[in-house]
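Throughout, read-outs are computed from the coordinates displayed, never taken from laboratory work. Remember, it's a predicted structure, so these values are computed and weren't measured experimentally. Cβ sites come from the backbone with ideal geometry, for glycine too, and all protein chains shown count toward neighbours.
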Amino acid sequence: MLTLINALQLVLYIALLSMVGQAVLYVLAGARRNQNLFYQLLQIVSKPFTALVRRLTPALVSDSQVPLVTFFMLLIVYAVVTFEKIGLCIEAGIDICK
């Protein structure tokens with residue numbers, strides 16, 4: 001179970017970092033961000049999550065708001081997974097979690 005939680009936490013961490021990288025490049029590159037190779041790579045990494053959030057959210061949420069909603073949803077799920085890992089480590093013993 002700990003391996004599964006660690007894997008899920010890693011996937012969420014990578015997705016969150018790609019979204020943070022997109023935000024930084026959004027500010028630095030401005031309107032030319034879509035021509036930036038690194039921005040495009042970060043979009044590819046986070047695309048499965050943004051597509052899922054687009055399907056889950058109502059049409060009232062505009063397409064420009066979906067990345068922000070995705071970031072906060074990933075952050076919430078990451079926090080839940082982290083607390084579950086902490087609970088599992090306390091229950092099973094700290095030696096297993098090192």
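Mind checking the angle between helix 66-92 and the chain's longest principal axis? C-alpha axes, 0 to 90 degrees, to the nearest 10. Value to nearest ten degrees: 10.
With the convex hull of its Cα atoms as the shape, the stretch 2-97 has an orientation-averaged projected area of 7.3 nm². Relative to the Cα centre, the charge distribution of the stretch 2-97, modelled as +1 at Lys and Arg Cβ and -1 at Asp and Glu Cβ, gives a dipole magnitude of about 500 debye.
Treating the angle as unsigned and between 0 and 90°, give the value, to the nearest 10°, between the Cα long axis of helix 2-29 and the longest Cα principal axis of the chain. Roughly 30 degrees, rounded to the nearest 10. Annotation: peptides 50-62, 3-15, ranked by per-residue average of other Cβ atoms within 10 Å with the highest first, follow the order 3-15, 50-62. The long axis of helix 37-56 is offset from the longest Cα principal axis of the chain by roughly 70 degrees.
Among rounded, prolate and oblate, which fits the stretch 46-98 when a ≥ b ≥ c are the square roots of the eigenvalues of its C-alpha gyration tensor, a/c under 1.5 means rounded, and a/b larger than b/c means prolate? In terms of gyration-tensor shape, prolate.
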